[in-house]
Amino acid sequence: MTYTREEFSARLSALSEAAGLKHLTDAAEEKLYIICEQLDLRSKQFNLTAITEPEEVLKKHIIDCIFAAAAVEELGGGRLLDVGSGAGFPSLPIAASLHDLSVTAMDATAKKTVYMNETAALAGIENFAAVNARAEEAARSEMGESYDIVSARAVARLNVLMELCVPFLKVGGYFVAMKGAAADEEMAEAKSAAKKLGCSLVKKVQYTLPELSDARFLLIYRKDSKTPEQYPRNFSQISKKPL
Ligand code: SAH
């Protein structure tokens with residue numbers, strides 16, 4: 001990593017201020033530093049994420065996920081599940097900045113869940129656990145209908161993503177989808193999925209990352225009723241015939 005701990009802290013403060021985000025505690029900054037350091041070290045050993053340049057990691061991974069953490073904080077506490085968390089985004093920065101929230105990260109690739117658990121242990125992020133599972137299968141276990149918040153970034157288009165995520169929510173819980181410029185188009189495409197899965201849009205937050213111009217969105221849906229027994233279907237049905 002090309003930043004020292006001090007440089008990292010200064011850059012993180014400058015970027016989060018430019019983004020209008022509130023100041024992070026030293027403890028949270030320390031955890032975020034270790035997340036970036038591990039990503040840098042381990043990306044060289046295996047392919048964890050397409051973004052590896054330190055300044056880009058800070059903006060596109062850390063600051064982006066802190067925007068999600070700020071929205072999650074407003075939704076209240078409890079248990080959060082991040083579906084398709086990969087190298088821990090947004091789950092690790094959310095857990096690092098909201099220590100009262102219990103965060104579970106799920107990924108279908110075992111080496112990624114091992115990586116996330118090792119990184120959380122090194123960073124002292126105690127409110128975090130990663131599990132190796134496929135969402136559409138795990139949602140049919142005791143994990144189904146048991147989370148207050150479910151998040152996801154860069155996993156699938158919204159109509160597919162909803163069927164993977166909404167079944168994990170308790171009725172009254174919130175689904176937070178992190179989306180890019182195609183958010184409106186994906187929302188329109190996911191109207192029927194939302195109806196069938198019993199959820200409705202309650203908030204759409206638009207933001208931009210500091211020094212970058214592309215629009216980003218947090219789409220927040222509330223689960224209004226229990227997931228019908230037939231969902232989630234198996235993955236080939238979910239992806240070939242989205243709801
Ligand atoms: N959320 C991370 C990773 C995105 S890549 C980020 O934004 O950086 C998508 C990840 O989703 C991959 O790691 C892949 O293994 C995982 N994934 C895709 N489909 C999944 C499913 N059905 N269940 C669990 N994980 C899944």
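Bear in mind that the values in this text are calculations on the coordinates, not laboratory data. Keep in mind that what you see is a predicted model, and the values were worked out from it rather than measured. Ideal geometry is used to build each Cβ from the backbone, glycine not excepted, and the neighbour counts take in all protein chains shown.
Taking segment 220-243 as the region of interest, how many residues are within 20 Å of residue 148 (Cα to Cα), of a type outside the set (Phe, Trp, Tyr) and either touching a Pro at 6+ places or on another chain (Cβ under 6 Å) or within 15 Å of the ligand (Cβ to nearest atom) (or both)?
2
Quick one: would you say residue 80 is closer than 21 Å to residue 155 by Cβ and surrounded by 18 or more Cβ atoms within 10 Å (Cβ to Cβ)?
Answer is yes for this residue.
For segment 155-164, how many residues meet the condition of being within 11 Å of the ligand (Cβ to nearest atom) and either surrounded by 24 or more Cβ atoms within 10 Å (Cβ to Cβ) or in a strand (DSSP E or B) (or both)?
Looking only at that region, the number is 3.
Scan segment 22-35 and tell me whether some residue there is within 16 Å of the ligand (Cβ to nearest atom), of a type outside the set (Asp, Glu), within 23 Å of residue 151 (Cβ to Cβ) and out of contact with any Lys or Arg (no Cβ under 9 Å at 6 or more places or on another chain).
Taking every residue of segment 22-35 in turn, at least one turns out to be within 16 Å of the ligand (Cβ to nearest atom), of a type outside the set (Asp, Glu), within 23 Å of residue 151 (Cβ to Cβ) and out of contact with any Lys or Arg (no Cβ under 9 Å at 6 or more places or on another chain).
For the list (1) more than 19 Å from residue 198 (Cα to Cα); (2) touching a Gly at 6+ places or on another chain (Cβ under 6 Å); (3) buried (at least 17 other Cβ atoms within 10 Å of the Cβ), I need the number of the one condition that residue 148 fails.
Going through the list (1) more than 19 Å from residue 198 (Cα to Cα); (2) touching a Gly at 6+ places or on another chain (Cβ under 6 Å); (3) buried (at least 17 other Cβ atoms within 10 Å of the Cβ), residue 148 breaks only (1).
Among residues belonging to segment 224-243 that are out of contact with any Lys or Arg (no Cβ under 8 Å at 6 or more places or on another chain) and among the hydroxyl-bearing types (Ser, Thr, Tyr), point out the one that is nearest to residue 165 (Cα to Cα).
Out of the qualifying residues, it is 227.
List, please: which pairs have Cβ atoms under 6 Å, are six or more places apart or on different chains, and start with a residue in segment 55-67 that is over 14 Å from residue 20 (Cβ atoms) and end with one that is within 12 Å of the ligand (Cβ to nearest atom)?
57/51; 60/51; 61/89; 62/93; 65/89; 65/90; 65/93
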